[in-house]
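Report on the structure given below.
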Amino acid sequence: MKNTAFRIALMPGDGIGVEVIDACVAVLDTLQKKSSGWALSMDRLDAGAQLYKATGTAMSEETFQRAANADAILLGAMGWPEIRYPDGTEIAPQLDLRFRLGLYAGVRPIRALPGMPLALADPRAKDIDFVILRESTEGMFASRGRGEVIDDREARDTQVITRDVSERLFDFAFRLAESRRGRGGKAIVTCVDKANVFRSFAFFRKIFDERARAFPSIAARHHYVDACALDLVRKPWEFDVMVTENLFGDILSDLAAGLIGGMGFAPSADVGDKNAVFQPSHGTAPDIAGKGIANPTATLLSAVLMLRWLGERHAVPACGEAADRLEQAVDAALGSGSVRPYDAGGRDGTGALARAVIERL
(Lines give C-alpha, C1' and ligand atoms only; values in the text may rest on other atoms or scores of the structure.)
Protein backbone atom coordinates (compact mmCIF):
# COMPACT_ATOMS: atom_id res chain seq x y z
CA MET A 1 0.00 0.00 0.00
CA LYS A 2 1.34 3.42 -0.95
CA ASN A 3 1.63 5.82 1.96
CA THR A 4 -0.06 9.22 1.81
CA ALA A 5 2.53 11.65 3.18
CA PHE A 6 1.46 14.56 5.35
CA ARG A 7 3.65 17.50 6.34
CA ILE A 8 3.08 18.52 9.94
CA ALA A 9 4.13 21.93 11.21
CA LEU A 10 5.54 21.10 14.64
CA MET A 11 5.47 24.07 17.01
CA PRO A 12 6.69 23.02 20.49
CA GLY A 13 6.54 26.55 21.91
CA ASP A 14 7.55 27.24 25.49
CA GLY A 15 7.96 25.45 28.80
CA ILE A 16 6.44 21.99 28.99
CA GLY A 17 5.19 22.44 25.43
CA VAL A 18 8.62 21.27 24.24
CA GLU A 19 8.58 18.26 26.58
CA VAL A 20 5.13 16.96 25.68
CA ILE A 21 5.72 17.49 21.96
CA ASP A 22 8.96 15.49 22.08
CA ALA A 23 7.11 12.66 23.85
CA CYS A 24 4.31 12.80 21.30
CA VAL A 25 6.71 12.66 18.36
CA ALA A 26 8.35 9.54 19.84
CA VAL A 27 4.95 7.86 20.10
CA LEU A 28 3.94 8.91 16.57
CA ASP A 29 7.23 7.56 15.20
CA THR A 30 6.43 4.16 16.68
CA LEU A 31 2.86 4.30 15.44
CA GLN A 32 4.08 5.03 11.90
CA LYS A 33 6.47 2.08 11.94
CA LYS A 34 3.61 -0.23 12.88
CA SER A 35 1.13 1.24 10.38
CA SER A 36 0.75 1.63 6.63
CA GLY A 37 -1.14 3.92 4.29
CA TRP A 38 0.08 7.17 5.83
CA ALA A 39 3.27 8.94 6.90
CA LEU A 40 4.10 12.14 8.75
CA SER A 41 6.96 14.51 7.95
CA MET A 42 7.71 16.90 10.82
CA ASP A 43 8.68 20.51 10.10
CA ARG A 44 9.87 21.91 13.44
CA LEU A 45 9.13 25.64 13.76
CA ASP A 46 10.11 28.15 16.44
CA ALA A 47 7.51 30.50 17.92
CA GLY A 48 6.43 31.67 21.36
CA ALA A 49 7.37 33.83 24.31
CA GLN A 50 11.03 32.83 24.55
CA LEU A 51 11.50 33.62 20.87
CA TYR A 52 9.85 37.00 21.43
CA LYS A 53 12.19 37.69 24.36
CA ALA A 54 15.22 36.84 22.23
CA THR A 55 14.22 38.48 18.95
CA GLY A 56 11.26 40.79 19.53
CA THR A 57 9.09 38.58 17.27
CA ALA A 58 6.81 35.84 18.62
CA MET A 59 6.24 34.20 15.23
CA SER A 60 7.96 35.25 12.02
CA GLU A 61 6.01 35.62 8.80
CA GLU A 62 8.09 32.80 7.29
CA THR A 63 7.10 30.51 10.18
CA PHE A 64 3.45 31.45 9.77
CA GLN A 65 3.51 30.71 6.06
CA ARG A 66 5.18 27.33 6.57
CA ALA A 67 2.55 26.47 9.17
CA ALA A 68 -0.28 27.70 6.95
CA ASN A 69 0.94 25.55 4.05
CA ALA A 70 1.33 22.39 6.14
CA ASP A 71 -1.28 19.64 6.18
CA ALA A 72 -1.79 20.15 9.93
CA ILE A 73 -0.20 22.01 12.84
CA LEU A 74 0.77 20.18 16.05
CA LEU A 75 1.47 22.63 18.84
CA GLY A 76 2.76 22.24 22.41
CA ALA A 77 2.03 25.36 24.44
CA MET A 78 3.04 29.00 24.14
CA GLY A 79 3.44 31.89 26.54
CA TRP A 80 5.29 32.81 29.73
CA PRO A 81 3.81 34.90 32.57
CA GLU A 82 6.74 37.31 32.87
CA ILE A 83 7.14 37.85 29.12
CA ARG A 84 4.48 40.20 27.76
CA TYR A 85 3.75 42.67 25.01
CA PRO A 86 4.06 46.40 25.88
CA ASP A 87 0.27 46.58 26.45
CA GLY A 88 0.52 43.94 29.19
CA THR A 89 -1.03 41.03 27.27
CA GLU A 90 0.68 37.65 27.06
CA ILE A 91 2.54 36.29 24.06
CA ALA A 92 0.07 34.00 22.27
CA PRO A 93 0.95 33.07 18.67
CA GLN A 94 -1.56 30.24 18.98
CA LEU A 95 -4.30 32.88 18.99
CA ASP A 96 -2.75 34.54 15.96
CA LEU A 97 -2.99 31.20 14.13
CA ARG A 98 -6.69 30.91 14.99
CA PHE A 99 -7.54 34.37 13.70
CA ARG A 100 -5.31 34.43 10.64
CA LEU A 101 -6.26 30.92 9.49
CA GLY A 102 -9.97 31.28 10.31
CA LEU A 103 -10.02 28.37 12.76
CA TYR A 104 -13.54 29.02 13.99
CA ALA A 105 -14.31 25.58 15.50
CA GLY A 106 -12.56 25.03 18.82
CA VAL A 107 -13.03 21.34 19.62
CA ARG A 108 -12.55 20.45 23.30
CA PRO A 109 -13.29 16.75 23.98
CA ILE A 110 -13.86 15.77 27.60
CA ARG A 111 -13.77 12.04 28.38
CA ALA A 112 -13.27 10.08 31.60
CA LEU A 113 -10.08 8.05 31.10
CA PRO A 114 -9.53 4.54 32.51
CA GLY A 115 -7.93 4.47 35.92
CA MET A 116 -7.65 8.23 36.31
CA PRO A 117 -9.20 10.16 39.23
CA LEU A 118 -12.49 11.94 38.67
CA ALA A 119 -13.72 15.02 40.51
CA LEU A 120 -17.18 13.56 41.13
CA ALA A 121 -17.86 10.56 43.36
CA ASP A 122 -21.05 9.64 41.51
CA PRO A 123 -20.48 6.30 39.69
CA ARG A 124 -22.01 7.84 36.55
CA ALA A 125 -18.94 10.08 36.27
CA LYS A 126 -17.10 7.24 34.53
CA ASP A 127 -19.49 7.80 31.61
CA ILE A 128 -18.44 11.43 31.04
CA ASP A 129 -17.88 11.80 27.29
CA PHE A 130 -18.81 15.09 25.65
CA VAL A 131 -17.35 17.82 23.46
CA ILE A 132 -17.39 21.56 24.06
CA LEU A 133 -17.34 23.28 20.69
CA ARG A 134 -16.03 26.78 21.21
CA GLU A 135 -16.23 29.40 18.46
CA SER A 136 -12.61 30.53 18.30
CA THR A 137 -12.44 33.74 16.24
CA GLU A 138 -15.33 35.95 17.36
CA GLY A 139 -17.31 36.63 20.52
CA MET A 140 -15.42 38.60 23.13
CA PHE A 141 -12.10 37.50 21.61
CA ALA A 142 -12.88 39.64 18.55
CA SER A 143 -11.77 42.57 20.73
CA ARG A 144 -8.27 41.17 21.21
CA GLY A 145 -5.94 44.08 20.50
CA ARG A 146 -8.89 46.37 19.77
CA GLY A 147 -10.28 47.26 23.17
CA GLU A 148 -9.99 50.78 24.45
CA VAL A 149 -9.33 52.51 27.75
CA ILE A 150 -11.00 55.93 27.85
CA ASP A 151 -9.32 58.65 29.95
CA ASP A 152 -8.26 56.05 32.52
CA ARG A 153 -11.86 55.97 33.77
CA GLU A 154 -13.42 53.13 31.78
CA ALA A 155 -12.47 50.27 29.49
CA ARG A 156 -14.48 48.74 26.65
CA ASP A 157 -14.31 45.50 24.68
CA THR A 158 -16.97 44.61 22.13
CA GLN A 159 -18.46 41.18 21.41
CA VAL A 160 -18.93 40.22 17.76
CA ILE A 161 -21.26 37.46 16.48
CA THR A 162 -21.63 37.07 12.71
CA ARG A 163 -24.09 34.96 10.75
CA ASP A 164 -21.44 33.54 8.43
CA VAL A 165 -19.21 32.10 11.16
CA SER A 166 -22.13 31.04 13.35
CA GLU A 167 -23.76 29.04 10.55
CA ARG A 168 -20.51 27.19 9.83
CA LEU A 169 -19.97 26.60 13.55
CA PHE A 170 -23.44 25.15 14.09
CA ASP A 171 -23.22 22.94 11.01
CA PHE A 172 -19.89 21.68 12.36
CA ALA A 173 -21.58 20.96 15.72
CA PHE A 174 -24.42 18.95 14.20
CA ARG A 175 -22.07 16.99 11.94
CA LEU A 176 -19.87 16.28 14.95
CA ALA A 177 -22.89 14.93 16.86
CA GLU A 178 -23.69 12.71 13.87
CA SER A 179 -20.14 11.34 13.76
CA ARG A 180 -20.19 10.60 17.49
CA ARG A 181 -23.42 8.63 17.27
CA GLY A 182 -21.55 5.40 16.54
CA ARG A 183 -18.95 6.03 19.26
CA GLY A 184 -21.10 6.52 22.32
CA GLY A 185 -22.55 9.91 21.39
CA LYS A 186 -26.13 10.81 22.30
CA ALA A 187 -27.03 12.73 19.11
CA ILE A 188 -27.65 15.94 21.07
CA VAL A 189 -26.33 19.45 20.43
CA THR A 190 -26.79 22.02 23.19
CA CYS A 191 -26.45 25.72 22.42
CA VAL A 192 -24.96 27.50 25.45
CA ASP A 193 -25.58 31.24 25.55
CA LYS A 194 -26.98 34.18 27.53
CA ALA A 195 -29.83 34.93 25.13
CA ASN A 196 -32.10 36.11 27.94
CA VAL A 197 -29.92 39.19 28.49
CA PHE A 198 -27.82 40.06 25.45
CA ARG A 199 -29.03 40.77 21.92
CA SER A 200 -25.86 39.24 20.43
CA PHE A 201 -26.65 35.92 22.11
CA ALA A 202 -30.30 36.07 21.07
CA PHE A 203 -28.98 36.39 17.51
CA PHE A 204 -26.58 33.47 18.14
CA ARG A 205 -29.49 31.29 19.34
CA LYS A 206 -31.69 32.33 16.42
CA ILE A 207 -29.09 31.12 13.94
CA PHE A 208 -28.65 27.89 15.92
CA ASP A 209 -32.37 27.14 15.67
CA GLU A 210 -32.32 27.84 11.94
CA ARG A 211 -29.41 25.45 11.31
CA ALA A 212 -30.89 22.79 13.59
CA ARG A 213 -33.75 22.32 11.13
CA ALA A 214 -31.25 20.98 8.58
CA PHE A 215 -30.31 18.13 10.95
CA PRO A 216 -33.63 16.62 12.08
CA SER A 217 -32.04 13.42 13.41
CA ILE A 218 -30.06 15.39 16.03
CA ALA A 219 -31.79 16.79 19.12
CA ALA A 220 -31.26 20.56 19.52
CA ARG A 221 -31.33 22.00 23.04
CA HIS A 222 -30.62 25.32 24.77
CA HIS A 223 -28.85 26.13 28.03
CA TYR A 224 -27.95 29.44 29.66
CA VAL A 225 -24.24 29.51 30.47
CA ASP A 226 -24.67 29.96 34.23
CA ALA A 227 -27.07 27.03 34.49
CA CYS A 228 -24.80 25.02 32.20
CA ALA A 229 -21.84 25.55 34.56
CA LEU A 230 -24.04 24.23 37.36
CA ASP A 231 -25.09 21.15 35.39
CA LEU A 232 -21.54 20.38 34.33
CA VAL A 233 -20.94 19.71 38.01
CA ARG A 234 -24.32 18.13 38.76
CA LYS A 235 -24.76 15.82 35.77
CA PRO A 236 -22.00 16.12 33.12
CA TRP A 237 -22.73 12.61 31.78
CA GLU A 238 -25.92 13.92 30.17
CA PHE A 239 -24.12 16.20 27.69
CA ASP A 240 -22.98 15.28 24.17
CA VAL A 241 -21.95 18.25 21.99
CA MET A 242 -22.13 21.75 23.50
CA VAL A 243 -21.65 24.74 21.21
CA THR A 244 -20.95 28.21 22.56
CA GLU A 245 -19.24 31.58 22.18
CA ASN A 246 -15.47 31.98 22.51
CA LEU A 247 -15.13 33.31 26.06
CA PHE A 248 -17.84 31.06 27.49
CA GLY A 249 -16.17 28.08 25.84
CA ASP A 250 -12.78 29.11 27.22
CA ILE A 251 -14.14 29.05 30.77
CA LEU A 252 -16.39 26.00 30.52
CA SER A 253 -13.72 23.83 28.91
CA ASP A 254 -11.36 24.40 31.86
CA LEU A 255 -14.16 23.57 34.30
CA ALA A 256 -14.88 20.43 32.28
CA ALA A 257 -11.21 19.39 32.29
CA GLY A 258 -11.33 19.52 36.08
CA LEU A 259 -14.01 16.84 36.03
CA ILE A 260 -11.67 14.31 34.41
CA GLY A 261 -8.47 14.97 36.35
CA GLY A 262 -7.17 18.25 34.99
CA MET A 263 -5.74 19.97 31.94
CA GLY A 264 -3.16 17.24 31.40
CA PHE A 265 -5.95 14.98 30.14
CA ALA A 266 -7.74 17.52 27.92
CA PRO A 267 -6.87 17.60 24.18
CA SER A 268 -8.03 20.23 21.72
CA ALA A 269 -8.30 21.11 18.06
CA ASP A 270 -8.97 24.43 16.35
CA VAL A 271 -10.42 23.70 12.92
CA GLY A 272 -11.22 25.87 9.94
CA ASP A 273 -12.32 25.16 6.41
CA LYS A 274 -8.73 24.49 5.25
CA ASN A 275 -6.38 24.42 8.25
CA ALA A 276 -6.33 22.94 11.73
CA VAL A 277 -4.18 23.26 14.86
CA PHE A 278 -3.98 20.44 17.42
CA GLN A 279 -2.65 21.04 20.92
CA PRO A 280 -3.16 20.14 24.57
CA SER A 281 -5.54 22.47 26.40
CA HIS A 282 -2.95 23.23 29.09
CA GLY A 283 -0.41 26.03 29.17
CA THR A 284 3.37 26.14 29.49
CA ALA A 285 3.41 25.40 33.29
CA PRO A 286 6.57 27.34 34.26
CA ASP A 287 6.47 25.78 37.75
CA ILE A 288 7.24 22.30 36.42
CA ALA A 289 9.01 23.10 33.13
CA GLY A 290 12.28 21.24 32.73
CA LYS A 291 11.52 18.71 35.47
CA GLY A 292 10.36 15.94 33.14
CA ILE A 293 7.08 15.42 34.98
CA ALA A 294 4.59 17.00 32.57
CA ASN A 295 1.66 14.78 31.59
CA PRO A 296 1.75 14.11 27.81
CA THR A 297 -1.72 12.53 27.70
CA ALA A 298 -3.51 15.63 26.38
CA THR A 299 -0.91 15.99 23.63
CA LEU A 300 -1.20 12.33 22.62
CA LEU A 301 -5.00 12.63 22.48
CA SER A 302 -4.60 15.81 20.41
CA ALA A 303 -2.55 13.72 17.98
CA VAL A 304 -5.49 11.30 17.87
CA LEU A 305 -7.71 14.21 16.79
CA MET A 306 -5.13 15.23 14.19
CA LEU A 307 -4.94 11.76 12.64
CA ARG A 308 -8.74 11.51 12.50
CA TRP A 309 -9.01 14.93 10.85
CA LEU A 310 -6.31 14.11 8.30
CA GLY A 311 -7.98 10.80 7.51
CA GLU A 312 -11.41 12.36 7.02
CA ARG A 313 -10.17 15.40 5.10
CA HIS A 314 -8.00 13.43 2.69
CA ALA A 315 -10.05 10.22 2.53
CA VAL A 316 -7.29 8.09 4.06
CA PRO A 317 -9.04 5.48 6.26
CA ALA A 318 -5.68 4.20 7.53
CA CYS A 319 -5.24 7.50 9.41
CA GLY A 320 -8.51 6.98 11.25
CA GLU A 321 -7.50 3.43 12.09
CA ALA A 322 -4.16 4.67 13.45
CA ALA A 323 -6.01 7.27 15.53
CA ASP A 324 -8.11 4.50 17.07
CA ARG A 325 -4.99 2.45 17.82
CA LEU A 326 -3.29 5.40 19.50
CA GLU A 327 -6.35 6.22 21.59
CA GLN A 328 -6.68 2.58 22.66
CA ALA A 329 -2.99 2.47 23.60
CA VAL A 330 -3.35 5.60 25.76
CA ASP A 331 -6.40 4.10 27.49
CA ALA A 332 -4.62 0.78 28.00
CA ALA A 333 -1.52 2.43 29.48
CA LEU A 334 -3.50 4.58 31.92
CA GLY A 335 -5.95 1.81 32.76
CA SER A 336 -3.25 -0.76 33.47
CA GLY A 337 -2.28 0.80 36.78
CA SER A 338 1.39 0.44 35.87
CA VAL A 339 1.86 4.16 35.25
CA ARG A 340 0.29 7.22 36.83
CA PRO A 341 1.16 10.83 35.96
CA TYR A 342 2.16 13.34 38.62
CA ASP A 343 -0.96 15.45 38.15
CA ALA A 344 -3.05 12.36 38.98
CA GLY A 345 -1.13 11.67 42.19
CA GLY A 346 1.45 9.36 40.63
CA ARG A 347 5.22 9.37 40.22
CA ASP A 348 5.63 8.74 36.48
CA GLY A 349 7.09 11.46 34.31
CA THR A 350 6.69 12.45 30.68
CA GLY A 351 9.09 9.83 29.31
CA ALA A 352 7.67 6.96 31.37
CA LEU A 353 4.13 7.68 30.18
CA ALA A 354 5.24 7.89 26.54
CA ARG A 355 7.09 4.58 26.86
CA ALA A 356 4.03 2.94 28.40
CA VAL A 357 1.93 4.00 25.41
CA ILE A 358 4.63 2.85 22.98
CA GLU A 359 4.71 -0.58 24.63
CA ARG A 360 0.98 -0.95 24.03
CA LEU A 361 1.26 -0.03 20.39
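Based on what the data block shows, is Arg355 assigned by TED's automatic domain parsing to the domain that holds Ala72 and over 15 Å from Glu19 (Cα atoms)? No; evaluated as a whole, the condition is false for this residue. So is Asp71 more than 30 Å from Arg183 (Cβ to Cβ) and touching a residue at least 12 places away in the same chain (Cβ under 8 Å) or not? No; evaluated as a whole, the condition is false for this residue. Among what's in segment 345-361 and is of a type in the set (Gly, Ala, Ser) and part of a helix (DSSP H, G or I), pick the residue that is surrounded by the fewest Cβ atoms within 10 Å (Cβ to Cβ). If we take residues in segment 345-361 being of a type in the set (Gly, Ala, Ser) and part of a helix (DSSP H, G or I), then Gly351 is surrounded by the fewest Cβ atoms within 10 Å (Cβ to Cβ).
Where helices (runs of 4 or more DSSP H) fall wholly inside segment 1-88, the ranges with 2 or more residues that are under 20 Å from Val271 (Cβ atoms) and of a type outside the set (Phe, Trp, Tyr) are 16-33, 61-68. Of the residues making up segment 199-238, those that are among the aliphatic types (A, V, I, L, M) and either under 22 Å from Ile110 (Cβ atoms) or outside the structural domain of Asp250 (by TED's automatic domain parsing) (or both) number 9. For segment 184-198, the set of residues classified as touching a residue at least 12 places away in the same chain (Cβ under 8 Å) and over 12 Å from Phe130 (Cβ atoms) consists of Ala187, Cys191, Asp193, Lys194, Ala195, Asn196, Phe198, listed by residue number.
For Arg134, are the conditions met, namely being part of a strand (DSSP E or B), among the basic types (Lys, Arg) and touching a strand residue (DSSP E or B) at 6+ places or on another chain (Cβ under 7 Å)? Judged against the criteria, Arg134 is a match. Being at pLDDT 95 or above, surrounded by 21 or more Cβ atoms within 10 Å (Cβ to Cβ) and assigned by TED's automatic domain parsing to the domain that holds Leu326: is that true of Ala77 here? So Ala77 fits the description; yes.
Residue pairs whose Cβ atoms lie under 6 Å apart, sitting 6 or more positions apart in sequence or on different chains, and linking a residue in segment 27-42 that is in the same structural domain as Asn3 (by TED's automatic domain parsing) to a partner that is assigned to a strand (DSSP E or B) and among the β-branched types (Val, Ile, Thr), are Trp38/Thr4; Leu40/Ile8; Met42/Ile8.
In the set Arg181, Arg124, only one residue is free of Cβ contacts under 8 Å to residues at least 60 places away in the same chain, outside the structural domain of Trp309 (by TED's automatic domain parsing) and in a helix (DSSP H, G or I); that residue is Arg181.
Yes/no matrix, rows are residues, columns are (1) in contact with a Pro (Cβ under 6 Å, 6 or more places away or on another chain); (2) closer than 28 Å to Ala49 by Cβ; (3) assigned to a loop (DSSP other than H, G, I, E, B):
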position	(1), (2), (3)
Leu300	no, yes, no
Arg308	no, no, no
Cys319	no, no, no
Arg325	no, no, no
Ala333	no, no, no
Val339	no, no, yes
Asp343	no, yes, no
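Scanning segment 310-331 for residues that are over 17 Å from Ala298 (Cβ atoms) and hydrophobic (A, V, I, L, M, F, W, C) yields Leu310, Ala315, Val316, Ala318, Cys319, Ala322.
Residue-by-condition table, conditions (1) under 21 Å from the mean Cα position of the chain (by Cα); (2) among the hydrophobic types (A, V, I, L, M, F, W, C); (3) at pLDDT 95 or above; (4) on the phi > 0 side of the Ramachandran plot:
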position	(1), (2), (3), (4)
Arg124	no, no, yes, no
Gly139	yes, no, no, yes
Val149	no, yes, no, no
Ala155	no, yes, no, no
Thr158	no, no, no, no
Ser166	yes, no, yes, no
Leu176	yes, yes, yes, no
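Does segment 194-250 hold any residues that are over 26 Å from Gly182 (Cα atoms), of a type outside the set (S, T, N, Q) and buried (at least 21 other Cβ atoms within 10 Å of the Cβ), and which are they? Within segment 194-250, Phe201, Phe204, Glu245, Phe248 meet the criteria.
Based on what the data block shows, is Glu327 acidic (Asp, Glu) and under 21 Å from Ala26 (Cα atoms)? In short, yes. Can you spot a residue in segment 276-294 that is out of contact with any Phe, Trp or Tyr (no Cβ under 9 Å at 6 or more places or on another chain), in a helix (DSSP H, G or I) and surrounded by 21 or more Cβ atoms within 10 Å (Cβ to Cβ)? No, that holds for no residue. If the condition is being in contact with a strand residue (DSSP E or B) (Cβ under 7 Å, 6 or more places away or on another chain) and among the aliphatic types (A, V, I, L, M), then segment 183-202 contributes Ala187, Ile188, Val189, Val192. Across segment 123-153, which residue is nearest to Ala257 (Cα to Cα) among those that are hydroxyl-bearing (Ser, Thr, Tyr) and buried (at least 19 other Cβ atoms within 10 Å of the Cβ)? Going through the qualifying residues, I end up with Ser136.
The values are calculated or read from the model by the stated rules, or taken from the named source; none is laboratory data. Since we're looking at a predicted model, the values are computed, not measured. Heads up, the Cβs are rebuilt from the backbone with ideal geometry, glycines too, and the neighbour counts pull from every protein chain shown.
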